[in-house]
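What follows is a short report on a single structure.
Bear in mind that the values in this text are calculations on the coordinates, not laboratory data. What you see is a predicted model, and the numbers here were worked out from it, not measured in a lab. Heads up, the Cβs are rebuilt from the backbone with ideal geometry, glycines too, and the neighbour counts pull from every protein chain shown.
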């Protein structure tokens, strides 16, 4: 928010802000229910401490906003849903040699001073609204300052939209992008470091997977203006079921033989698809926990 924070502190008392204020959990627990007018909750739910905070702040707040892609859709931490808690801990603490005795972290440990407690590390990363009731969503990683300011204007002016609304424009990022689309055939698919793109031409048509057509706008297409593709942090565009499925559908339509007869041969389609590296990390970078898939099912 930059200097606008000075305006906010004149209009509201900030009662809990962990990165800037020394407020204890017990202080918040002592608040009457509904004491906080509005809470901006940042972060996904990865462990028991985060779940406790989500439930406590929901109880103490009249309005709860999922602030940023982690709270909104799970974001990058949500890619851990491709594994499970034990596999992750074993990789970090055993295979990478971070402990000498091969002991994994556990929630309760006995020491001479008593019992130490640390948060329970869950198998599944969840979004905020998979844990508690959420009133509004402010997307982005991080949310663009312009969107934060518009949300604050709506809050301070008493002009918030209906509950459940995403506080961002209805259009897709492609609608904000200044690059030219010429509907040209994609000859090959590249990762961003493999080519230097033409500055005014659609990145998708240059073979760089860009999630802009399936992602909600509000960011001003900032990434695209510096030759980086949209990676989907704004969440799904209103006409898409989810970012990943929407983008896969869009890509399928581009390569579809039915919609564009003769444009691509079967062999060309197969070759282009094979060039997409790390599809989960591309199509579900910010949204795996909130997607249709949600997680990989682990079987012993």
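The table below lists the values:
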{"item": "For the chain: Kirkwood Rh in Å [reciprocal of mean 1/r, alpha carbons]", "result": "21.6"}
{"item": "The chain: most fluctuating residue of 192, 15, 92 per GNM, C-alpha cutoff 10 Å", "result": "92"}
{"item": "Computed P(r) (all Cα pairs; the stretch 173-283; 10 Å bins; percent)", "result": "15, 47, 35, 4"}
{"item": "Helical mean residue ellipticity (222 nm; -39500 (n - 2.57) per DSSP H run of 4+; nearest 500) of the chain", "result": "-7000 deg cm²/dmol"}
{"item": "Calculated log₁₀ intensity ratio I(q)/I(0) where the Debye formula runs over C-alpha points of the stretch 78-237, q = 0.10, 0.14, 0.15 Å⁻¹", "result": "-0.62, -0.91, -0.95"}
{"item": "GNM result for the chain, Cα springs below 10 Å: residue of 87, 69, 110 fluctuating most strongly", "result": "110"}
{"item": "0 to 90° range, to nearest 10: angle between helix 145-156 axis and the chain longest Cα axis", "result": "50"}
{"item": "Of 277, 112, 163, the one that fluctuates the most in a GNM where the chain has Cα springs shorter than 10 Å", "result": "112"}
{"item": "On Cα atoms only, tilt of 243-255 relative to the major axis of the chain in degrees", "result": "0"}
{"item": "Crossing angle, helix 48-60 versus the chain [Cα axis fit, 0-90 degrees, rounded to tens]", "result": "80"}
{"item": "DSSP-defined antiparallel bridges as percent of all bridges, the chain, nearest 5", "result": "40"}
{"item": "Set of the stretch 39-76 residues, backbone N closer than 12 Å to the point 7 Å along the Cα-Cβ line of residue 192", "result": "none"}
{"item": "Stokes-Einstein translational diffusion, the stretch 83-139 - Kirkwood Rh over all Cα pairs, 1.002 mPa s, 20 °C, in µm²/s", "result": "151"}
{"item": "Geometric extent, Cα atoms of the stretch 41-96 - Rg, Dmax (angstrom)", "result": "13.9, 46"}
